[in-house]
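Quick notes on the structure that follows.
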Amino acid sequence: GLKLLLHGLCSNTSVKSLDLKGNNLRTVGAEALGKLLRQNKSIRSLTLEWNSLGMWEEGFSFFCQGLRANNFLQRLDLRNNQINHQGAGELAMALTQNTSLQELDLRWNNIGLLGGRALLNCLHSNKTLKRLELAGNNVPSDILKAVEQALDHNQDREAILTEAQNQVNILSKEVLSLKDEKNKQFMDFVDTVDKQKEEKARSEKMSAARVSQLQEALDEQYSIMNSLKTKLQMTEAALALSEQKVHNLGELLNAMKQEQNCVAECHFRELQQQKQEGADREGRLLHDLSAASEKNLLLRNQVDELERKCKVQQDQLFQVKQDLTNTTAELKLRAVEAEERLETEKRRFKQSLEDMESLRVKEVDRMTQHMEASERSMHNRIQRLEAIRISLEEELSQVKAAALTERGQAEEELIKVRSQARLEEQQRLEHLKEKLRLMTESRDEAQNCCLKQKEMVAEAQAKAKQLSLYADGLRRRLDELQQDLDSKEEEKVTELNKVKVELQEQIGHLEAERAAQDGLREKIAALERQLKALSSNHREALLDKEGEISLLLEKLRMKEAEISRVREEEAQRASFLQNAIMAYVQGSPLGTHSSRK
């Protein structure tokens, strides 16, 4: 039944503890238990108390082979199983290769001295067994003490290993967290750099658009300036034409004055001749007084008509002056207002000038015709005409002076307009130059910012590389420290093994001597004297051996003190390293940056 039960448990994965206490197991049960230990991977505790497994050597050897192959069992109870020193040797052979068993209870068996030595020897290679109960097995106390020391050493070693493993895990977690933080910081930094690059590209686009807009505005201003220059040239040309026309009109007026002077001189000569002839013809005229009086009435009427015509001519000259002022004002307003009105004003000005010229030509023609008629009809009224001529000359001189003053005013206003336009152009050019200078300064600042950001990125990358190199150095240092610890532990273990071997050899010698003493007891009757001598010698040897043993124990204590001191130094070094790493991580700029975030 037990065979079937154990065969079913071979493939079971849920049973953690198995108690078979007091079931009188034999060879078949021991073989089944060995098979179970080979195949099962879930059982952690096995109780086999009161089963007498040690009586069946073959079955117990199968059980020990299964225990040797098992790496999952942690607790084994073999109390009261009549295990002798041979079974203990097989158990020791199994424990040398087992790496999972932590508690083994062998109380109340027949292990004896040899079995205790075998178990003590297996503890040199087995580093996982923490608890071994050997009470009630006739094992000497020194072996029990050595076993306890080996178990304490295993416990201490496991505690040190667990602490070192925990520290390594903590350091690895901290290194991983640092790496994650560094990666996050680097990614955040890369994101900020990308955003700054995008902002830079946007700013460059905006600056390019602004520069293009400013260039367009400059082009428009240049076009406006060119148009204003063309307008000024057109207005100057129009003014030159008007000046030429005024000059021509003045020449015409001078010619008319000369003609009038010539006519007046001719009339004056004719009057003198007529006076000379009048003296001759006084007699004749006396007869003609009546007719002359009638003619005088007619001449008076004609003089009134001439005066009216003179007034009409004065009004026309005043209108001409007003037209000239209006045309100059219109030219000024047209030059200031726009380009389109210039053409219309030019046309109107040309039409007005043509009308004035036509009117003046007509008036001159009328004047010439009227003068010819008046010369024919007014030989007696020359003085009045001369007075009228003088008044006309004065008015013409006034008209010329007014025209000259208006021309000077027009030229001054043109000069002012040109100076104002030049000043406005200079101000606009200076404003645009300042805008261009500000844009270039902003572009240079943006380029400087980009360069600084690139330098910051390079510095951050260099710092990241340095930190990675420092982390690699720390890892290497940890590996070296771990190797040093392992080497020191191996040296300590070898020294302890040597000391234990020496102690075992001495104990073996003592046991051999004790065996010789047991053999000599049979010969006590015949060899009492020799026994006394031998006992005295043996006692002296024992005293020497005990002294040597005490010395060796003191050496062991010294070695253990050194081992504890080395352990404390290693723990202090590990704590110093951990504190240094934490201080470096907290004091580094990336650590401060992450903590601030």
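The values are calculated or read from the model by the stated rules, or taken from the named source; none is laboratory data. Because the structure is a prediction, the values reported are computed rather than measured. Neighbour counts run over all protein chains shown; Cβ positions are idealised from the backbone, glycine included. Side chains are part of the model used for accessible areas, which takes the heavy atoms of the whole protein and leaves out ligands, DNA and RNA. Shrake-Rupley method; radii C 1.70, N 1.55, O 1.52, S 1.80 Å.
The set of residues in region 1-20 being touching a residue at least 12 places away in the same chain (Cβ under 8 Å), part of a helix (DSSP H, G or I) and out of contact with any strand residue (DSSP E or B) (no Cβ under 8 Å at 6 or more places or on another chain) consists of LEU2, LYS3, LEU6, HIS7. Of all the residues in region 296-306, those that are surrounded by fewer than 15 Cβ atoms within 10 Å (Cβ to Cβ) and at pLDDT 70 or above number 6. Candidates in region 380-416 are the residues that are of a type in the set (Asp, Glu) and more than 30 Å from GLN272 (Cα to Cα); of these, the one that is modelled with the highest pLDDT is GLU412.
Out of curiosity, is ASN23 within 22 Å of ALA92 (Cα to Cα), touching a residue at least 12 places away in the same chain (Cβ under 8 Å) and in contact with a helix residue (DSSP H, G or I) (Cβ under 9 Å, 6 or more places away or on another chain)? For ASN23, the condition - within 22 Å of ALA92 (Cα to Cα), touching a residue at least 12 places away in the same chain (Cβ under 8 Å) and in contact with a helix residue (DSSP H, G or I) (Cβ under 9 Å, 6 or more places away or on another chain) - is not met. Would you call LEU151 in contact (Cβ under 8 Å) with a residue 24 or more places away in the chain, out of contact with any strand residue (DSSP E or B) (no Cβ under 9 Å at 6 or more places or on another chain) and not acidic (Asp, Glu)? No: the conditions fail for LEU151. Those helices (runs of 4 or more DSSP H) of region 57-170 in which 2 or more residues are crowded, with 19+ Cβ neighbours inside 10 Å and in contact with a Lys or Arg (Cβ under 6 Å, 6 or more places away or on another chain) are absent. Looking only at region 417-424, decide whether some residue is surrounded by 12 or more Cβ atoms within 10 Å (Cβ to Cβ), over 30 Å from GLY587 (Cα atoms) and at pLDDT 75 or above. Within region 417-424, one or more residues are surrounded by 12 or more Cβ atoms within 10 Å (Cβ to Cβ), over 30 Å from GLY587 (Cα atoms) and at pLDDT 75 or above. The requirement of being of a type in the set (A, V, I, L, M, F, W, C), closer than 22 Å to LEU134 by Cβ and at pLDDT 85 or above is satisfied by LEU76. Look at THR344 and say whether it is at pLDDT 70 or above, open to solvent by less than 100 Å² (accessible area, probe 1.4 Å) and assigned to a helix (DSSP H, G or I). It is true that THR344 is at pLDDT 70 or above, open to solvent by less than 100 Å² (accessible area, probe 1.4 Å) and assigned to a helix (DSSP H, G or I). Would it be correct to say that GLU243 is over 30 Å from ARG443 (Cβ atoms), open to solvent by less than 70 Å² (accessible area, probe 1.4 Å), in contact (Cβ under 8 Å) with a residue 12 or more places away in the chain and in a helix (DSSP H, G or I)? In short, yes.
Summed over region 171-185, residues that are surrounded by fewer than 16 Cβ atoms within 10 Å (Cβ to Cβ) and of a type in the set (A, V, I, L, M, F, W, C) total 1. Restricting region 207-223 to residues that are within 17 Å of ASP444 (Cα to Cα) and touching a residue at least 12 places away in the same chain (Cβ under 8 Å) leaves a set whose member that is least open to solvent (accessible area, probe 1.4 Å) is SER207. If we scan region 5-12, do we find a residue that is at pLDDT 85 or above, open to solvent by 20 Å² or more (accessible area, probe 1.4 Å), within 21 Å of LEU95 (Cβ to Cβ) and among the polar types (S, T, N, Q)? No, that holds for no residue.
Scanning region 36-56 for residues that are crowded, with 20+ Cβ neighbours inside 10 Å, without any contact (Cβ under 8 Å) to a residue 40 or more places away in the chain and in a helix (DSSP H, G or I) returns LEU36, LEU37, LEU53. Within region 435-465, the set of residues being modelled with pLDDT under 75, among the hydrophobic types (A, V, I, L, M, F, W, C), closer than 18 Å to ARG202 by Cα and within 19 Å of the chain's Cα centre (by Cα) comprises ALA446, CYS449, CYS450.
Checking each residue of region 122-131 against the condition of being within 27 Å of ILE507 (Cα to Cα) and touching a residue at least 40 places away in the same chain (Cβ under 8 Å) gives at least one match.
Taken together, LYS173, LYS197, LYS205, LYS184 contain a single residue that is part of a helix (DSSP H, G or I), more than 20 Å from the chain's Cα centre (by Cα) and of a type outside the set (A, V, I, L, M), which is LYS173. Can you pull out the residues in region 150-179 that are of a type in the set (Asp, Glu) and more than 19 Å from GLN578 (Cβ to Cβ)? Within region 150-179, ASP152, ASP156, GLU158 qualify.
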